[in-house]
Protein chains: 4
Amino acid sequence: MASTYGTHLRVTLFGTSHGPEIGVDIDGLPAGEAVDLHELDTFLGRRRAAGRAYATRRREPDLPEFQSGLTPDGHTDGSRLHAIIRNTDTRSRDYRELADLPRPSHADFTAYAKHYPPEMMAGGGPFSGRLTAPLCIAGGIAKQILARRGVTVCAHALRIAGISDTPFDPVSVGPDDAARLEAQDFPTLSAQAGEQMQQAIAEAAAERDSVGGIVECAVTGLAPGSCGDALFDGLEGRISLAVFAIPAVKGIAFGAGFESADLRGSENNDPFRMQNGRVVTETNRHGGILGGIASGMPVLFRAAFKPTPSIFREQKTVSLSRRENATLTLTGRHDPCIVPRAVPAVEAAAAIAVLDALLAG
Amino acid sequence: MASTYGTHLRVTLFGTSHGPEIGVDIDGLPAGEAVDLHELDTFLGRRRAAGRAYATRRREPDLPEFQSGLTPDGHTDGSRLHAIIRNTDTRSRDYRELADLPRPSHADFTAYAKHYPPEMMAGGGPFSGRLTAPLCIAGGIAKQILARRGVTVCAHALRIAGISDTPFDPVSVGPDDAARLEAQDFPTLSAQAGEQMQQAIAEAAAERDSVGGIVECAVTGLAPGSCGDALFDGLEGRISLAVFAIPAVKGIAFGAGFESADLRGSENNDPFRMQNGRVVTETNRHGGILGGIASGMPVLFRAAFKPTPSIFREQKTVSLSRRENATLTLTGRHDPCIVPRAVPAVEAAAAIAVLDALLAG
Amino acid sequence: MASTYGTHLRVTLFGTSHGPEIGVDIDGLPAGEAVDLHELDTFLGRRRAAGRAYATRRREPDLPEFQSGLTPDGHTDGSRLHAIIRNTDTRSRDYRELADLPRPSHADFTAYAKHYPPEMMAGGGPFSGRLTAPLCIAGGIAKQILARRGVTVCAHALRIAGISDTPFDPVSVGPDDAARLEAQDFPTLSAQAGEQMQQAIAEAAAERDSVGGIVECAVTGLAPGSCGDALFDGLEGRISLAVFAIPAVKGIAFGAGFESADLRGSENNDPFRMQNGRVVTETNRHGGILGGIASGMPVLFRAAFKPTPSIFREQKTVSLSRRENATLTLTGRHDPCIVPRAVPAVEAAAAIAVLDALLAG
Amino acid sequence: MASTYGTHLRVTLFGTSHGPEIGVDIDGLPAGEAVDLHELDTFLGRRRAAGRAYATRRREPDLPEFQSGLTPDGHTDGSRLHAIIRNTDTRSRDYRELADLPRPSHADFTAYAKHYPPEMMAGGGPFSGRLTAPLCIAGGIAKQILARRGVTVCAHALRIAGISDTPFDPVSVGPDDAARLEAQDFPTLSAQAGEQMQQAIAEAAAERDSVGGIVECAVTGLAPGSCGDALFDGLEGRISLAVFAIPAVKGIAFGAGFESADLRGSENNDPFRMQNGRVVTETNRHGGILGGIASGMPVLFRAAFKPTPSIFREQKTVSLSRRENATLTLTGRHDPCIVPRAVPAVEAAAAIAVLDALLAG
């Protein structure tokens, strides 16, 4: 179930939610890059979010252990970086029932249909959101390397439960937005929108229900032509492959995305002009990518997250052992909304995809 | 600029719009599979669409030549299939100006910024929609192999210029829809919508403008658990990587997609039930994919196409040689809407991705 | 420094001799295969060989810990198998001097020239023979899977210090030889040759010197056409790539190998004939491989091992820090002959290469 | 049957001896490298060797056509280089009988056992020595790129029919030897040895028989640490994988190779010393590779070629259709010794492997 992304930077996620450990192997990191473990931990903390109203009550420190790839003084040594997070609080008994009664719109049923032995997959396996923790280890390291090359990756909760945050400015988004977002407890540009979102999440939770949302992500500072290419090497496809690894993502759109489908060319095209000796575009409906290649404008995309499928109302399902209709009422612990914790995971996926594309040249 | 997709079925597109030939290499095809060249040509004809109002006036037969991989009686022989299409009508003079004045929202500028020597990329190179012809060769062969395994791939123009076609029924879409669409000149389920779309395209062309749209695609007949997996091996990400190889795609969404972001879990979840001894879902907002794996329900996705960037109005751009602002008024030939011709390309991309995933097991 | 072999079975070795652990990741194992840990430990014991006269005095249990990939009842579960061996007895102080005074004909100098930071590579790093332990974990599992498919892999010390063992019979070698060799303390077919070899090793050690040798390996039970292919997919090249991963291997030859270079075609060709309805060859100078593909006869090859470069006599070298000539007199512990312990490593490399080729079909 | 070598430089050979064309795809070539087509043709001419006594009577110009990858002025453009050689003189009728009566020690039988449809493989398919022509196109280009980086690749016929040429000096071999060999009609350092070899080949041919031999190859000018790595990334294994793609190679040995197996460490180790500020070794039994990494000394290896299996005497074989013993007396045209024409193929394989390793860094 290990799963690998990338050609020049190769990121392999392994382990399962209820096994002894999860982790990540990273091959292809340039040697001699500093890895600031404190900064990395701050980044992982944005995903962990323990104790917040919207997060699962499962508490795990999720501290990574680096077993190879770093020198004693914290630089990459050119070898495979191997990092693990031990699973210390697994409660697998919560999941026994799921082996027979698959949760609607969750991976229980398809994991059962595909894997051997099917009962081991119940309750998450590699399909759990916990695997975004090692994704964030890789992404956090990639973000640090990108930052030293002038590239910033930042994301926010653009929409939750129908409530919208202020969108990024497509032309001027950059390090200031990143700094502003890192200072927030809740990942929105508008503090008011963030409060409304948290209230809506709490209401859904009180009704034993869940909500979805949209994450918007920007990658700024990429030089024109610095990464991406035509066809299967395009940045849109490469970023999508990384982002869809995050559970619950059901759609992705770059720049004006689905809205551009209803525009005319004369409305959608972004005029070029010279600015301080550089070629820029006046608007950025193309989302920083033309022909699969970075145009030099901010790379911008939005990822749609479905509501958490694990809700605590009675639901219709089937018994896989008895091959008959059944009902399921979940107990246990599940986030009523995974969007806030997914924000750093989206940054991580984007950072990995972009660093891989930059190393490919 | 050759570009390769896949791990078990490996599809490599090569050539440029204005070189002597374009083509495709396919490795990993099972041996002994019949390839019906007449059926393949019918499929390629749906992309060619010469003479239709909405198509470019450039006329090329686009007949593939198979140089290896097929036995004399038309079966795959287990070796690499190498097929080319000769470029017979290139008129590269149309493109000389573009080497200096990049078209807004086209790949001219980024190809210039990335490739050596930059002037050779002008006017398309590997970024041209012509590369969807070899994509369709591979996809047409994949569709035939899938059909023998009970898997149907079909797509239609769900939306063009703001006009909507009848969407697929998410639960019952299947071979009947495919047959119905193959009988149409214009790829819509509703003939009336198709006529309105063609009229809107003609109006935009008359105004020297272009329009975009949305293609909806269904893959039906996949057994639960038959393909896909967690994380980077999920069907959503794998299909996206293939679909974003089609120029002008800016977004993709599976099942309820971006709409599911505004739903609650109780609204979005698809209940399971038994039907004739098989596990099915009552609704299909999950788009046939759970945890990255085929659920057995139709795989459903929508791809957003921006309007063709090549329009015939004066546009603001820059002169790359003089490093100053400039204007550009295109002449030449470009589709005012590529969506109808993109429909088989989306089918091709989906067929390649799904066959690769099935072969991976 | 992680290093990966294979396309369908992918074996990645990681860790260094003097870090906290070494190990192996195996992707692509078929699911549901029993792994007999007792049998595996017996195989690893042949490599460990602690306490024998010819082995290093370093004692490590080298027990693998399986952290993923196995079900509780010991079957492969289709996921990545991750196994580690903890380094408990590292004594890195022995190696500090080597960081400046590279041992002649050892990897100290080239590791220094290539890697960052150079001093971390001293004394082995990934170049140590200890990495053959995780190679043997992967190979031992591959051997068990092959055995269930009727394929036997066995090897012996054909030559050490100029003393020759009885070679395998090229036509009839098979499971009987494997059983006979597994019953030996020292891996020779002739007990007398084994005793003479051990005596010669002891003599070299007494003289603070080392000796080399040749390992002969047979893979029997492969059906004609079952694995391998032309060009870069030939079994000779694939097996060589795996075998040269074992430190100290300097040559490999299949069948009659270098001797066939002096023969005429009429002497070297192996006539075909029918035997019990099967096509066989009367002789086997082709070593079971024709055109890179298994012929159905035993696959036979010989691997040449140079003498251990770590000897305890004064040797001429250079000081890398002072850039001047120097001398080096090693202390510490090193096998005076690694050939006996390399025998299972050669089996492991062959088993991995052949299983990968069989899975590729 | 296309077959790919390499990770950073990827060389794919395709086509069959008796199809319309053979060729090579090269991905990963640095952009902007000059390709001297005249020099390349001279290199290919060394393989072609039409009209020489030892060569097949089949005459083909074997001129490559470059269909992509080169700019009009002969530089690599960063895209996939696609080159083909048309097969103009195929005479497939010569091979019909071989579909039923496989030649001893040739690939006829194993190709039949493995491929679909079996009869298409008769008489060579991808197993023919003709595939060394596209190998030499890739290798000839790699040699030119290496030469601009100060790296020389040269090889000679060290041994044919039991007659030995002067071996390379392991320490001082270099560009002078390359120049000397390129001036020869027959690829030996000693003109006398070359004449004797040609006479021995003629004698074998007169007796309807064939002979084998050994090619020695040197790669000089590699900086210490510039390429190769531990384990599966070692230069020995990487070079072997490329060299075994040449039909008839049955063994390979680096430096002292199989002879080092009989030496003691004190005899085999190569002392380091400083020379003009660089670390060198006094002798070069290690063949320029330590720990899989280039040491800075000449990389030296020998490849053993079996005698051509296609001889014109009556041989014992089987009828595959009748499943019974049979005899075969070949007619047609086959080199009585492929070693002279294999010399540039060995250079090509080495150049590809070394350039790939250099690009991997």
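A few remarks follow.
- The shape of the stretch C:135-214 can be summarised by an equivalent ellipsoid whose semi-axes, obtained from the alpha carbon gyration tensor, come to 27, 15, 10 Å from longest to shortest.
- Counting only heavy atoms of the protein chains and using a 1.4 Å probe, residue C:16 has close to 40 Å² of accessible surface.
- Chain C: calculated mean residue ellipticity at 222 nm from DSSP helix runs of at least 4, using -39500 (n - 2.57): -8500 deg cm²/dmol
- Chains A and B, summed buried accessible surface - 1.4 Å probe, Å², nearest 100: 8000 Å²
- Accessible surface of residue A:286, taken over heavy atoms with a 1.4 Å probe and every protein chain present, rounds to 10 Å².
- The modelled label-to-label distance for the pair residue D:166/residue A:183, using points 7 Å beyond Cα in the direction of Cβ, is 7.9 nm.
- P(r) tail, the stretch B:263-325: Cα-Cα pairs separated by more than 20 Å, 56% of all pairs.
- For residue C:322, inter-copy label distances in nm, listed shortest first [label point 7 Å out on the Cα-Cβ vector]: 6.9, 8.1, 8.4
- Residue of chain A with the Cβ closest to the rotation axis carrying A onto C, and that distance rounded to whole Å: A:25, 4.
- With a 1.4 Å probe rolled over the protein heavy atoms of all chains, the accessible area of B:27, D:176 falls in the order D:176, B:27, largest first.
- Taken per residue, the accessible surface of the protein assembly as shown reaches 33 Å², heavy atoms only and a 1.4 Å probe.
- Position residue A:30, label points 7 Å along Cα→Cβ, spacing to each other copy in nm (shortest first, one decimal): 1.7, 4.5, 4.6
- Working from the Cα coordinates of the stretch C:162-307, the gyration tensor eigenvalues give, after taking √(5λ), semi-axes of 30, 18, 14 Å in decreasing order.
- Treating each Cα of chain D as one equal point scatterer and applying the Debye formula with no solvent, the log10 of I(q)/I(0) at q = 0.10 Å⁻¹ comes out as -0.63.
- Of the residues A:321, B:319, the one with the largest accessible area comes first in the ranking A:321, B:319, computed with a 1.4 Å probe on protein heavy atoms.
- Dimensions of the stretch C:307-354 from C-alpha coordinates, computed as largest minus smallest value along each principal axis and given longest first, are 47, 20, 15 Å.
- For residue D:88, the accessible area of its heavy atoms, probed at 1.4 Å with every protein chain present, is near 100 square angstrom.
- Beyond 31 Å in Cα-Cα separation lie the following of the pairs C:143/D:316; C:114/C:250; A:143/B:316; A:114/A:306: C:143/D:316; A:143/B:316.
- With a Förster radius of 51 Å applied to the beta-carbon distance between residue B:73 and residue D:203, the computed FRET efficiency rounds to 0.65.
- For a modelled paramagnetic label at residue B:282, 7 Å from Cα along Cα-to-Cβ, the residues of the stretch A:304-327 in reach, with backbone nitrogen under 13 Å, are A:314-318, A:325-327.
- Computed over the alpha-carbon pairs of the protein assembly as shown, the distance histogram in 10 Å steps reads 2, 8, 16, 21, 21, 17, 10, 5, 1, 0 percent, short to long.
- To put it simply, the accessible area of the stretch C:223-333 at a 1.4 Å probe is 45 percent carbon and sulfur.
- Between identical copies, the spacing of residue C:206 label points, each set 7 Å from Cα toward the C-beta atom, reads 5.8, 9.0, 10.7 nm from nearest to farthest.
The values are calculated or read from the model by the stated rules, or taken from the named source; none is laboratory data. Note that this is a predicted model, so its numbers are computed, not measured. Here the Cβ is made from the backbone with ideal geometry for all residues, glycine too, and neighbour counts use every protein chain on show. Surface accessibility is based on the protein's heavy atoms, side chains included, excluding ligands, DNA and RNA. Shrake-Rupley method; radii C 1.70, N 1.55, O 1.52, S 1.80 Å.
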